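Let me begin by presenting the structure, written as structure tokens, before commenting on it.
The values are calculated or read from the model by the stated rules, or taken from the named source; none is laboratory data. These figures come from a predicted structure and were not determined experimentally. Note that we place each Cβ from the backbone using ideal geometry, even for glycine, and neighbour counts take in every protein chain shown.
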Amino acid sequence: MKKSFFFTLFLWTVFPLLVLGQSRKVFHQTFTLDSVKVIYFDVIDSLKVEPWAGNVALAETKITILNASKGVVNYLVEEDGRYHVDVKTSQDTFSMISRKRERPAMHTADGRIMEENVFIRVFVPDNYQMVEPYIWVLPDEEEEEKKEEPKQN
């Protein structure tokens, strides 16, 4: 009787810790930038923008939630759209904007906080230049030619 009681107590205390650990979701997106001259980012998450040798923009989003099951993470990403970034292209501007501007804290059924970390890394073509941390522009062709001309003395 004592063994089964302690075993049951053990399962009730340890099992939730095993089920509600750290869950992670990573997804990638590709964006064409055909006539885009300005790339603008307005996201509420951690963002790192890096140049690369390609001709499209690539985004990698990593979402980690502590004390959440994979089912909860999948729901928040796929159905709730909690981490969704809207992409808009108008005339010559490409924008990435967080859909949900506020994210209230989440708790498990037993009251623990579900800590969430979201990190977005975007690779933009290396012919764009950063003018502000969240604004990248494609220089005019005339400016590019001036930079390439050697200085004559």
Criterion violated by residue 83 - all others in (1) modelled with pLDDT under 95; (2) among the hydroxyl-bearing types (Ser, Thr, Tyr); (3) not in a loop (DSSP other than H, G, I, E, B) satisfied:
(3)
Answer yes or no: is there a residue in segment 22-33 that is closer than 18 Å to residue 134 by Cβ, at pLDDT below 95 and outside any strand (DSSP E or B).
yes
So which residues in segment 20-43 are under 13 Å from the mean Cα position of the chain (by Cα) and surrounded by 16 or more Cβ atoms within 10 Å (Cβ to Cβ), if there are any at all?
25, 41, 43
Going by what's in this entry, would residue 36 be described as part of a loop (DSSP other than H, G, I, E, B), among the β-branched types (Val, Ile, Thr) and more than 30 Å from residue 110 (Cα to Cα)?
yes
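Conditions (1) part of a strand (DSSP E or B); (2) surrounded by 12 or more Cβ atoms within 10 Å (Cβ to Cβ); (3) modelled with pLDDT of 90 or more, marked per residue:
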{"site": "6", "(1), (2), (3)": "no, no, no"}
{"site": "48", "(1), (2), (3)": "yes, no, yes"}
{"site": "64", "(1), (2), (3)": "yes, yes, yes"}
{"site": "72", "(1), (2), (3)": "no, yes, yes"}
{"site": "77", "(1), (2), (3)": "no, yes, yes"}
{"site": "97", "(1), (2), (3)": "yes, yes, yes"}
Checked segment 84-129 for anything in contact with an Asp or Glu (Cβ under 7 Å, 6 or more places away or on another chain), within 26 Å of residue 21 (Cα to Cα) and not hydrophobic (A, V, I, L, M, F, W, C); matches are 121
